[in-house]
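As structure tokens, the structure follows; a few thoughts come after it.
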There are 2 protein chains.
Amino acid sequence: MTSNNCVRIGLLGCGTVGSQVVRLLQQSRCDYEARSATCLTLQGIAVSRLDAQRPAWVDTSLLTTDANKVVDEADVVIELIGGIDPAHELVVRALTQGKTVVTGNKALLASHGKELFELCANHNASLYYEAAVAGAVPVVYGLRESLTGDRINCVQGIVNGTTNYILDKMDTQGWSYEKALSVAQELGFAEADPTADVDGLDAGAKCALLASLAFHSRVTMEDVSIQGISHLSAKDMKDAKDAGCTIKLIAEAKRIRGADGKDAISAVVAPMLIGPDNPLFSVGGAFNAILIDSDAAGRLMFYGQGAGGAPTASAVLSDVVAAAFHCKHGGHAPRESTYASLPIVDKEHAQAAFRIRLSVHDEIGVLHRIAGIVAQHGISISGLQQSGSEDENRAHVVVTTHVTTQGQIDTLLNELRSTPELCTVASVIRQ
Amino acid sequence: MTSNNCVRIGLLGCGTVGSQVVRLLQQSRCDYEARSATCLTLQGIAVSRLDAQRPAWVDTSLLTTDANKVVDEADVVIELIGGIDPAHELVVRALTQGKTVVTGNKALLASHGKELFELCANHNASLYYEAAVAGAVPVVYGLRESLTGDRINCVQGIVNGTTNYILDKMDTQGWSYEKALSVAQELGFAEADPTADVDGLDAGAKCALLASLAFHSRVTMEDVSIQGISHLSAKDMKDAKDAGCTIKLIAEAKRIRGADGKDAISAVVAPMLIGPDNPLFSVGGAFNAILIDSDAAGRLMFYGQGAGGAPTASAVLSDVVAAAFHCKHGGHAPRESTYASLPIVDKEHAQAAFRIRLSVHDEIGVLHRIAGIVAQHGISISGLQQSGSEDENRAHVVVTTHVTTQGQIDTLLNELRSTPELCTVASVIRQ
């Protein structure tokens, strides 16, 4: 390999994933060099604190707090800082210099994707982001390249390992949400502040990326209707189990018929009732899976580890091998493909069948009154079930609807919530 | 799109898959053109008989029996004839002219891959073959591109829909092999001559391709140890079910420690006992799935429809979009990667634990005699079970072994088969 083939790699961030990238670059460099027909050098590692504890394999002489210098001296920049600042500024700096960036930063892409992809086009730069969705599961490659011969109708993904772990424990162990969250935190599957995971924000960013890729359109985080799982209880999970189903937090991007009769995109993250005929049903623990439904291929599923240092580093390094090859032998990352420019359905027009669990005062006529309120909102009921609760003065009522819009459900929920003498809304799940 | 961007497509073969390719090219041409930034023209379709019945959407004015002409006038040649002749000659003709070939022909690749990939390198031609393994399931992309950042240890695949359908029916319906095969034939899931499927030859060709991709080495059909499923009976499936398992025909390519202590490849197609902890356990019907175990990513699975006109055409057209882009905007299909050149373990040295079912004369001491023969061959027994059979003079004996070599098992089976007064060998399954 001549020195002309040398690709200088700059790493931004050396946490859980970053340090695994360093390890794999050492352990498998000969393989990566043979596969990319280049010579790879890790030039520098930008960190915020030089004195933090790091694994023994990290060469401390490469560490620096000068992230700009790491960017400027690299051919390929790996951004694993996460979050918006300072990642955004550094990625912009690299792309403006026409460099190649490999990132796992879903939040940055879902909020600043337009700007970053335009920089790529204008500066002949490249942006790879396999690690940004579902860790080691190669769904970005799958949608960007393997499925370009087909027309995708729906993408449904379990893309957040934390919430899948919590829901899995609620299902298999009968734990409450609070207990499952607390065990997940003890085991390191959930952060001390679990908001981004349990409120669906992490899945929302990934949903935006999946929708953009699947439908060749630009979908941002703001376009995604997001509900989290923190309002779910052991009772909801038991009801689901009794029906032979389970509840999963699903990121769903669907092609639907818009109000004008033309194709549009619906992008939703919400807890959904999943039956055993759906391959996502048995995806447990911290695993991720993405189910794709397309015209010609039918159902396809990608399954694997969605988080963790080594699995995510595996995805980063696949991008690094492709990036290094393109740096020295021509080509670049696939450009953003937004030719279809499908409109995104307003959140309030997103359609689904819902399952609403209410806690009601256990008195004669309560079912009748609730059914009346639902009917007044023009929502068709597919089922209405009452069961006792631990509090003898109260009962559970589960209202299941036919397909309706999120807007109609929201108006209904507002009215139900304004009648506390009648009921309180315990949970809302999509079916 | 200027005419300079026009890519002329020549199609060889217009059967189940070919006619679906024609349909999708018509239906989704605008999408494919936008995604490849080219203009696509279907220039000609080579068929062996002009008067055969074809779907209405096939423009008969494009049909010709002059396959050479179709090759010579195309930029991208889609080969869907199957088999070796005349596909081989036509693909060689196209590659020698520096053209791009998209094929789904596993038999051709597994037997003539070396020649074809060398033609690509020497003539700057390209060869795409996503459709050759597991139909719509993008495992070729997955192994060629998405997993280049990792070190793969094992690939296990259900890659033949016919045998999976037969085994699925034997499992779920309790049918005999003969009945399941005959229903599969009636439904069109199995050919009138099912040999290539039930004897494992189709899976063997795919196993060679998977092994080549996973281990960056050249593995041919001849390197694969192949056993089919035609000797399996309802009794074997029942025994498997009683143990909470099922039997699947698995194509397995594994990295093992060779006799010299260095890495080597073991490539096997055989019926294997699969437990419920293996994600392949629940892959039923005509679906395909490939499970990959790698150092950093851990377990990954790809799942989808492995055969059929439209699913296979979906994979072909993804390759066509990539090929068209590369034709006009630079780049080519990934070159064959054989840098690792791992040796392939002799079939007789391939290792596994086996489960051998014998039909024996039901008399005192028979278990003892069989155990003695097994021990004489230096094979360690992990279990020995006897049960009655419908014939009161005979019994079933199941011998399960610890890990041993195919060579030792073959010698043992030869001896057992030469003692017909003692027993007959009913089935051999890997565990």
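Bear in mind these aren't lab numbers, they're just calculated from the coordinates by the rules spelled out. From a predicted model like this one, the values you see are computed outputs, not experimental measurements. Ideal geometry is used to build each Cβ from the backbone, glycine not excepted, and the neighbour counts take in all protein chains shown.
Across segment B:1-77, the convex hull enclosing all Cα atoms gives 86 Å³ per residue.
Computed about its Cα centre, the charge dipole of the protein assembly as shown is approximately 840 debye, with only Lys, Arg, Asp and Glu carrying charge at their Cβ.
Approximating the spin labels as points 7 Å out from Cα along Cα→Cβ, the A:Q185-to-A:S230 distance works out to 1.1 nm.
Nearest 5 is fine: what % of DSSP beta bridges in the protein assembly as shown come out antiparallel, could you say? Mind showing how you got there, number by number?
Details: 111 of 159 bridges.
Antiparallel: roughly 70 percent of the beta bridges in the protein assembly as shown.
Shortest first, B:L187 label-point distances to identical copies amount to 3.8 nm, with the label point at 7 Å from Cα along Cα→Cβ.
For B:V92 and A:I256, what does the FRET efficiency come to when R0 = 35 Å and r is the distance between their Cβ atoms, rounded to the nearest 0.05?
That pair, B:V92 with A:I256, gives E of 0.15.
A Gaussian network model of chain B, with springs between Cα atoms under 10 Å, assigns the largest mean-square fluctuation among B:H377, B:H326, B:H112 to B:H377.
Taken over the C-alpha atoms, segment B:159-243 has Rg and Dmax values of 14.4, 41 angstrom. Taking Cα atoms, how many degrees apart are the long axis of helix B:106-123 and the longest axis of chain B, rounded to 10 and kept between 0 and 90? The helix B:106-123 is inclined about 40 degrees to chain B. When peptides A:47-58, A:186-197 are sorted by average Cβ neighbour count within 10 Å, with the highest value leading, the order is A:186-197, A:47-58.
Please compute the length gained on full extension between A:Q376 and A:E73, using 0.36 nm multiplied by the number of residues separating them and subtracting their Cα-Cα distance. Mind dumping the intermediate values first?
Numbers: separation 303, 0.36 × 303 = 109.08 nm, distance 6.54 nm.
The A:Q376-A:E73 span can extend by a further 102.5 nm.
The two copies B and A are related by a rotation, and the chain B beta carbon nearest its axis, with distance in whole angstrom, is B:G331, 2.
Over 20 Å between Cα atoms, which of B:K99/B:K328; A:K69/A:K328; B:K169/B:K241; B:K241/B:K347; A:K241/B:K241; B:K206/B:K254 qualify?
On the way: B:K99/B:K328 12 Å; A:K69/A:K328 22 Å; B:K169/B:K241 13 Å; B:K241/B:K347 29 Å; A:K241/B:K241 25 Å; B:K206/B:K254 14 Å.
In this structure, A:K69/A:K328; B:K241/B:K347; A:K241/B:K241 lie more than 20 Å apart at Cα.
When every alpha-carbon pair in chain B is counted, what percent end up more than 38 Å apart? Don't jump to the answer; show the numbers that get you there.
On the way: 25870 of 92665 pairs.
Result for the distance tail: 28 percent.
Here is the list for segment B:17-95: GluC sites (Glu not before Pro) lying in DSSP coil, each with at most 16 other C-beta atoms within 10 angstrom of its C-beta, are B:E73. Packing, taken as the mean count of other beta carbons within 10 Å per residue, orders the peptides A:334-343, B:351-360 from highest to lowest as B:351-360, A:334-343.
The alpha carbons of the protein assembly as shown give a radius of gyration and a Dmax of 28.9, 85 Å, in that order. For chain A, take the longest principal axis of its alpha carbons; what is the angle in degrees between that and the long axis of helix A:16-27, to the nearest 10 within 0 to 90? Between helix and principal axis, roughly 40 degrees. Label points for A:D293 are taken 7 Å from Cα along Cα→Cβ. From this copy to the others they lie 3.4 nm apart, shortest first.
On the basis of the beta-carbon distance and an R0 of 45 Å, A:S282 and B:N5 show a calculated FRET efficiency of 0.45. In this structure, the amide hydrogen of A:I256, modeled 1.01 Å from its nitrogen in the peptide plane, lies closer than 5 angstrom to those of A:A264, A:I265, A:S266, counting only residues at least 5 positions away or on a different chain.
Please compute the average number of Cβ atoms from other chains found within 10 Å of each residue's Cβ in peptide A:289-300.
On the way: counts 3, 0, 2, 2, 0, 5, 5, 19, 15, 9, 6, 9.
Per residue, the average neighbour count from other chains is 6.
Using a Gaussian network model of chain A in which every pair of alpha carbons under 10 angstrom is joined by a spring, one finds that among A:A333, A:A203, A:A132 the greatest mean-square fluctuation is at A:A333. Considering all C-alpha pairs of segment B:48-147, those separated by over 16 Å amount to 60%.
When chain A is treated as a GNM, springs tying every alpha-carbon pair under 10 Å, which of A:I373, A:I78, A:I344 comes out with the largest mean-square fluctuation? In the Gaussian network model the winner is A:I373.
Averaged across the residues of A:322-328, what count of C-beta atoms belonging to other chains lies within 10 Å of each residue's C-beta?
Values: counts 5, 0, 0, 2, 1, 0, 0.
That works out to 1 on average.
Measuring how big segment B:279-378 is from its alpha-carbon positions, Rg and Dmax come out at 23.8, 77 Å.
When peptides B:400-410, A:314-324 are sorted by average Cβ neighbour count within 10 Å, with the highest value leading, the order is A:314-324, B:400-410.
For the pair B:N124 and A:E392, label points projected 7 Å from Cα toward Cβ lie 8.8 nm apart.
Roughly how crowded by other chains is peptide A:311-319, in terms of the mean Cβ count from those chains within 10 Å of each of its Cβ atoms? Working shown, then result.
Numbers: counts 7, 2, 4, 12, 6, 2, 6, 9, 4.
What the average comes to for A:311-319 is 6.
Modelled label positions at B:R49 and B:E178, each set 7 Å beyond Cα in the direction of Cβ, lie 3.2 nm from each other.
Restricting the count to DSSP beta bridges whose residues both fall in chain A, what percent are antiparallel, rounded to a multiple of 5?
Numbers: 53 of 77 bridges.
Counting only bridges with both partners in chain A, antiparallel ones make up about 70 percent.
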